[in-house]
1. Out of everything in the range 54-102 that is free of Cβ contacts under 8 Å to residues at least 60 places away in the same chain and hydroxyl-bearing (Ser, Thr, Tyr), what residue ends up being surrounded by the fewest Cβ atoms within 10 Å (Cβ to Cβ)?
2. Checking the structure you have, find out if any residue of the range 108-115 is touching an Asp or Glu at 6+ places or on another chain (Cβ under 7 Å), surrounded by 13 or more Cβ atoms within 10 Å (Cβ to Cβ) and either in contact (Cβ under 8 Å) with a residue 24 or more places away in the chain or small (Gly, Ala, Ser) (or both).
3. Out of the range 142-172, which residues are under 17 Å from the mean Cα position of the chain (by Cα) and of a type in the set (Gly, Ala, Ser)?
4. Select the strands (runs of 3 or more DSSP E) contained entirely in the range 85-182, then report the ones holding at least 2 residues which are at pLDDT 95 or above and of a type outside the set (D, E, K, R).
5. Give the residues of the range 84-132 that are more than 20 Å from residue 155 (Cβ to Cβ), over 11 Å from the mean Cα position of the chain (by Cα) and polar (S, T, N, Q), sorted by residue number.
6. Residue 141 passes all but one of (1) buried (at least 20 other Cβ atoms within 10 Å of the Cβ); (2) in contact with a helix residue (DSSP H, G or I) (Cβ under 6 Å, 6 or more places away or on another chain); which number fails?
7. Residues that are modelled with pLDDT under 95: which strands (runs of 3 or more DSSP E) entirely in the range 1-70 hold 3 or more of them?
Amino acid sequence: MTDASSKVQLDHPAFAAVKEAFASRKFKASQYRGQSTLIVEPADLHDVMAFLRDDARCRYNFLSDVTGVDYQGYPAPTQGRFAVVYNLLSHERDDRFFVKTFLNPSMPTDGAAEDPALWVESVCDLWPGAEWPEREVFDMLGIRFRNHPDLRRILLWEAYPGHPLRKDYPVRGRGEREQYKVIDRTSA
């Protein structure tokens, strides 16, 4: 991984375009096995994503996926415990590009409490198809998206007591299965 502002030249053209457009902002960039990733500060994320969609040199017109990662216990150092990763595609060039932003929790993550540090700007206004993937990241990891049109759980019920893809969530759960009301054919 290297700073996009350093003398090491990364060959993906989007790196140079972003650095030129946002000269005063800090980025990191990496290329691994033909995959290019731009690491952005959470405050800069929406501006950079709008640029990547609209700039003639980039034109990433399709948001293929939004996912989240919990790096707790990861053997290599990372910039934060959680990451939100965006998988962008330019149909014109058949080119894939990844954007990642890191978030660090400001409170214990073993419950469902809302952490003010785990917020990032939604990209639903740029790519409407981001609505459900962002909801899934919220549901599974507890990362919330500002200005999301309908931020609520998508896989689990609203009162679910945690975010099961966090690595500090117990593998066997916290008793959720024992609280299920069994419904059989006669009571359905």
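1. 74
2. Checking the range 108-115: at least one residue is touching an Asp or Glu at 6+ places or on another chain (Cβ under 7 Å), surrounded by 13 or more Cβ atoms within 10 Å (Cβ to Cβ) and either in contact (Cβ under 8 Å) with a residue 24 or more places away in the chain or small (Gly, Ala, Ser) (or both).
3. 142
4. In the range 85-182, 95-103, 119-121 are the strands (runs of 3 or more DSSP E) which contain 2 or more residues that are at pLDDT 95 or above and of a type outside the set (D, E, K, R).
5. 90, 104, 106
6. Looking at each condition in turn, residue 141 falls short on (2).
7. Correct list: 27-32.
The values are calculated or read from the model by the stated rules, or taken from the named source; none is laboratory data. Here the structure is a predicted model, which means the values were calculated and not measured. All Cβ positions, even for glycine, are placed from backbone atoms using ideal geometry, and neighbour counts span all protein chains on display.
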